[in-house]
1. Distances longer than 17 Å among the Cα atoms of the stretch 276-422: what percent of all pairs is that?
2. If we sort 344-351, 295-302 on the protection proxy, mean other Cβ atoms within 10 Å, highest first, what's the order?
3. May I ask you to give the percent of accessible area on the chain that is carbon plus sulfur, with a probe radius of 1.4 Å?
4. Calculate, in nm to one decimal, what Thr307 and Ser256 gain on full extension: separation in residues at 0.36 nm each, minus their alpha carbon distance.
5. Please calculate how many Å² of accessible area the stretch 43-134 carries per residue, with a 1.4 Å probe and no DNA, RNA or ligand atoms counted.
6. How far apart, in nanometres, would the label points at Asn142 and Val443 be if each is projected 7 angstrom from Cα along the Cα-to-Cβ direction?
7. Determine the principal axes of the Cα atoms in the stretch 21-86, then give the extent along each, sorted from largest to smallest and rounded to whole angstroms.
8. What would the Debye equation give as log₁₀ I(q)/I(0) for the stretch 70-119 at q = 0.12, 0.17 Å⁻¹, counting only Cα atoms as equal point scatterers?
Amino acid sequence: MKEDGRLSSKAKFSYLFGDLGCCLMNYMLINYFMFYCTNMLGISVVAVGTIMFVARIWDAANDIAVGAFVDRTHNKAGKARPWIKWFAVPCALSCLMMFAAPAGASNTVKVAWVAVGYILFALFYTTVNLPYGSMLPLMTKNSVDRASLSSFRMIGAYIGIFIVNATALPMVAFFGNKMGGRVYAYTVVTAIMCVGGLISFYILYRNCPETVKEDTSGLEGLSQEEIKKKHKADALPVWTSVKYLIKNKAWVLVFSITMLNFLRQPFTSTSMAYYFLYYFKVDETRSAIFSSLGMLAGLVLLPFIPTIIRKFGYKRSLMGSYLLASTFGFCAYFAGKNINMVLVFYLLSTMSGSLTGVAVLSMLADTLEYGELKFGVRLDGLGFAANSFSTKAGPAIGGLLVTMVYAIGKLDTSLVLGQDQSSSALMALRLSMFVIPNLIALVQVILSFMYPLSQEKMEEVNGELANRHSDPNYIPMDVQL
């Protein structure tokens, strides 16, 4: 922290390692879990889809509990930051378990193994990722620094996704040749990603302190134990806190936009390897090039996103981003089997959509500030828990929809390179890759238009909050949207 209260460059840069570590693990799951289970272990698409849906719903449900616990954490290291230290290792081990199923076991054993691994990872990933997101408003109250942290977070996410996309399948092929089979190579590659994740979490914990302290008025002279008891007694019931969030229109819109972001995700990420293997009829490892170039395209735009948002505001920036991304996505569909044109439109779509992650994270912090003013309670943990909920429930629903589209199209995952899928299966792949996710993006254009908090409104909110924090007798105004 600098003398003027602004965050240091070291803290901002270190914050990106949180999403870097998360994405190294989570994108092994998002991109390759279904392919690993179906094409390496021989588990049916329907069985894998059911596992993913159940585990993601469980994951989404425990977000609320973890968020409530974060709000009730009063540790010398902060509210959210200690959780990174406590649960980083369990998160990595559970991720490794998902890709370490005994390949020679019966189908029942393999299904049970990956299901338990997935459920454990869902829990422990929440205990790391949710507190990481909650750290953002706890590191600084400066809106410029928050936008900067959001940008660094997205840079970390893009780097993590790029590493997984660019190296995972090539490493699987390399270790598969050395070890006599790709099924075991997935375990080795996942272990490498998990080690990288642990190193990233260490850098985050070491260099990103929480500087926004809790309001201690009325606690003067109390012992630490007495303060803990008072915090426990004063804590709002979880359902009451949830009601406050639901009443916050701005938060509900950001939550909905984020939910749809992650609901769209499985359509493209899960379909990518299948698309290359069955539609383009090339080795699925070549999809790594496609995905990696997409991440690079997004990284090109990321440094300019804060400038774009300052110039056009959140609403217009989001609307333009989703509209362009969906337009280029539809163009990729109509490009058919012209792989070069598909690549061009895919890159343009990915670049256009890279703004959305930065924007919604900053908007989420703003909505929680507004909620504190309007209702007199600060819900960082629960507010970001619900955001984390959307990152789990969204892929759960999206993943289930993808498997339904595959099942309706009768995609046959037992086929190998060179064998023909049915026309309905190929159409299912094309719809999943480029049509359905971009129709959802058009819905997000409408939701973005409805977002009510402008930069001017947030200046008013922060001014009122400053008055409230400095005057113990101040009664907050009910700022009307």
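1. Details: 7861 of 10731 pairs.
In whole percent, the share of Cα-Cα pairs in the stretch 276-422 beyond 17 Å is 73.
2. Per-residue mean Cβ counts within 10 Å order the peptides as 344-351, 295-302.
3. Reported share for carbon and sulfur atoms: 66 percent.
4. Using 0.36 nm per residue and subtracting the Cα-Cα distance, I get 15.9 nm.
5. For the stretch 43-134, the per-residue accessible area is 37 Å².
6. Output for this residue pair reads 3.9 nm.
7. 49, 23, 13
8. These q points yield log10 I(q)/I(0) values of -0.42, -0.61.
The values are calculated or read from the model by the stated rules, or taken from the named source; none is laboratory data. Keep in mind the model is a prediction, meaning the values are calculated, not measured. Note that we place each Cβ from the backbone using ideal geometry, even for glycine, and neighbour counts take in every protein chain shown. Remember, those area values only see protein heavy atoms, side chains included, never the ligands or the DNA or RNA. Shrake-Rupley method; radii C 1.70, N 1.55, O 1.52, S 1.80 Å.
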